[in-house]
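Okay, structure first, notes after.
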Amino acid sequence: MAAVNTWGAVNSWEGVAPPVSAVSFTGVVGSRSLAVGGSLSISVAGNFTGTETPFTYSLQSGTLPTGLTLNTSTGVISGTPTVISTQSGISVRATDTAANTADTNLFTIDITDGVSIPVWRRSTYGSIAQELRTNGFSGTVNGVISDWLLSEGFSGNFNEAFDRYLDSLGKTGNLQDKFASWRDE
């Protein structure tokens, strides 16, 4: 005989415990790309199901970009990234109250520079500075570029900072070679 519970729904397991299902993952968590200083919020909670709730969430593999955190109660990755980086192989684990676990697929979060300088503006330091001025920077050529590099997290003298920035983009060789590679991409 079926029983009606207190909210009017009919269940057919009168006198029997309802079925139990361990946490499981379905779907795909997609990779994301955003600029330094942008806002990110990714909820993975909707990809997990199971009856042994509430789930707790933890980083199973990979590293989140600087400025992003995982809320262990809600399964939301959020924050404002502060450093250019590409973090691959990220996976979030959900653990249910019976200690069963399930993991998301591996995904990537790519943090790019906050200012995009078109290739046609990369020919000289002067043209780079001119483009940066349209993005709110002001001052001398080296001053504008140095301020931009500092806002991207690269400090030091002009050449050192620019060299480290180009390293972060995967450019190799001496500063002139790196600059030429970036300028001509």
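Nothing in this text is a laboratory measurement; each read-out follows from the coordinates by a stated rule. No experiment lies behind these values; they were computed from the predicted model shown. Quick reminder, even Gly has a Cβ in these numbers, built from the backbone with ideal geometry, and neighbours come from all protein chains shown.
With q set to 0.20 Å⁻¹, the log10 of I(q)/I(0) for region 19-81, from the Debye formula over equal scatterers at the Cα positions, is -0.83.
Evaluated with a Cβ-only charge set (Lys, Arg +1; Asp, Glu -1), the chain carries a dipole of roughly 280 debye about its Cα centre, given to the nearest 20. For Thr124, neighbours were defined as the other residues whose beta-carbon sits under 12 Å from its Cβ, and their charges (Lys and Arg +1, Asp and Glu -1) total +2.
The label-point distance for Tyr125 and Thr97, in a model that sets each label 7 Å from Cα toward Cβ, rounds to 6.4 nm. Expressed as a fraction of 2.2 N^0.38 Å, the value expected for a compact globular protein of N residues, the C-alpha radius of gyration of the chain is 1.53. Approximating the spin labels as points 7 Å out from Cα along Cα→Cβ, the Leu150-to-Arg183 distance works out to 2.6 nm. Picking from Val119, Val44, Val144, which is most flexible by a Gaussian network model of the chain using Cα springs under 10 Å? Result: Val119 has the largest fluctuation of those listed. Oblate is the label for region 119-183, because the ratio a/c of its alpha-carbon gyration tensor axes (a ≥ b ≥ c) is 1.5 or higher and a/b is not greater than b/c.
Whole-percent P(r), region 96-152, all Cα pairs, 10 Å bins from 0: 20, 36, 12, 10, 11, 10, 1.
Across the chain, the relative contact order, built from alpha-carbon pairs under 8 Å that are at least six residues apart, equals 18 percent.
Counting only alpha carbon atoms, the long axis of helix 141-151 and the longest principal axis of the chain meet at about 20°. Spacing of the modelled spin labels on Gln176 and Arg133, each 7 Å from Cα toward Cβ, amounts to 2.8 nm.
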